[in-house]
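Structure record follows, encoded as structure tokens.
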Amino acid sequence: MFSTTAGYRVDDEGPSMMFRHLIIGTASVLGLASSAQATLEISTTARGVFSSVRVVGQPLTSVGPVAPITGRTSPGYNLANSAASLAAIVGLGNQGGVTATLTLNSGAIATAASANGTIPANTTSGSASSDLNNLAISLFTSTGGPTTSILNLTADRVQSVTTGTKVGLVTTMTGQSTFNNLLLSINGNNVFNTGSNAQTAVNFVAYNQSGLKVTLNQQFASSFDSTRTLITNAVGISFTNYLLDGRSVSGTITVGQSLAEFVSLSPGDPVPEPASWAQMLAGFALAGAAARRRRVLQPIRA
């Protein structure tokens, strides 16, 4: 509403309009404050071994996951799982008198998942690890006599660790794999080996031919909306329509997996510190009170 006085228009929003502005402004500030107080939900997971290798068109014989462990905040947690050993045999059938077999063997397997904090406001980091000793993976064929080695991977120890931390608005996700005396041979030929406490680049491809791929320190990262995820596999073996004596083999073998996932419960935009909220709210209140008494003169245009 407005009235005129001595050639001027007087804008008078009135108490109801000014209270409306005050309420809208205050509500928006409180909305930001709620987001600022919420921090993170952290999930960490570790698995020793799991496999989904099969002959295409034949039923799947899966292995694992072995020694899985998962934790989710809040509050913080420190969880562990283990397996004394693994001895799995996967038959891949007989084709033209040739039998194919996959074996997965390991000594002690240890997995762990942890996160800090006792309440959401002070939870800022999490990690997962997977540790295997005396690993031996073998794919071989036989016609009833001596076996023919197709793939052989051994290691005294393999380990992966994935961690995530958040400092302020910055979330950092890291993954790392370590190998002790890993040896990989394909068709009886040595194609890759490491010494003790060896590390490789992320997604290091040790072998990739004819549909068979072996990747060390395999990592998958994703960032969608408010969720950040990183998966680290110490060893990732994949078969993609791999032809093995008349049969097509597909699937994956994952060894030493660790995973961290951070879900932000706030938009992630910079927001004032708590002390600033009181100052801003007080400012809105004073502005509202002053506006209720204000009469602004503006020239009237003909």
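Remarks
- Some residue of segment 168-183 being aromatic (F, W, Y) and over 21 Å from A115 (Cβ atoms): yes
- Residue match in segment 123-136 (condition: at negative phi and without any contact (Cβ under 8 Å) to a residue 40 or more places away in the chain): yes
- Condition check for P75: over 30 Å from G251 (Cβ atoms), open to solvent by 40 Å² or more (accessible area, probe 1.4 Å), at pLDDT 50 or above and part of a loop (DSSP other than H, G, I, E, B): yes
- Residue within segment 100-110 that is modelled with pLDDT under 95 and either out of contact with any Leu (no Cβ under 9 Å at 6 or more places or on another chain) or among the polar types (S, T, N, Q) (or both) present: no
- Total residues in segment 98-119 satisfying the condition of being out of contact with any Asp or Glu (no Cβ under 7 Å at 6 or more places or on another chain), over 20 Å from E261 (Cα atoms), open to solvent by 30 Å² or more (accessible area, probe 1.4 Å) and of a type outside the set (V, I, T): the figure is 2.
- Check on V98, in contact with a strand residue (DSSP E or B) (Cβ under 7 Å, 6 or more places away or on another chain) and closer than 19 Å to T252 by Cβ: no
- Strands (runs of 3 or more DSSP E) lying entirely in segment 202-244 (those with 2 or more residues that are at pLDDT below 95 and surrounded by fewer than 22 Cβ atoms within 10 Å (Cβ to Cβ)): 212-224, 227-244
- Boolean, T174 is surrounded by fewer than 19 Cβ atoms within 10 Å (Cβ to Cβ) and assigned to a strand (DSSP E or B): yes
- Scanning segment 176-196 for residues that are closer than 30 Å to L40 by Cβ and not β-branched (V, I, T) turns up at least one hit.
The values are calculated or read from the model by the stated rules, or taken from the named source; none is laboratory data. Here the structure is a predicted model, which means the values were calculated and not measured. Cβ sites come from the backbone with ideal geometry, for glycine too, and all protein chains shown count toward neighbours. The area values use the complete protein model at the heavy-atom level, side chains included, leaving out ligands, DNA and RNA. Shrake-Rupley method; radii C 1.70, N 1.55, O 1.52, S 1.80 Å.
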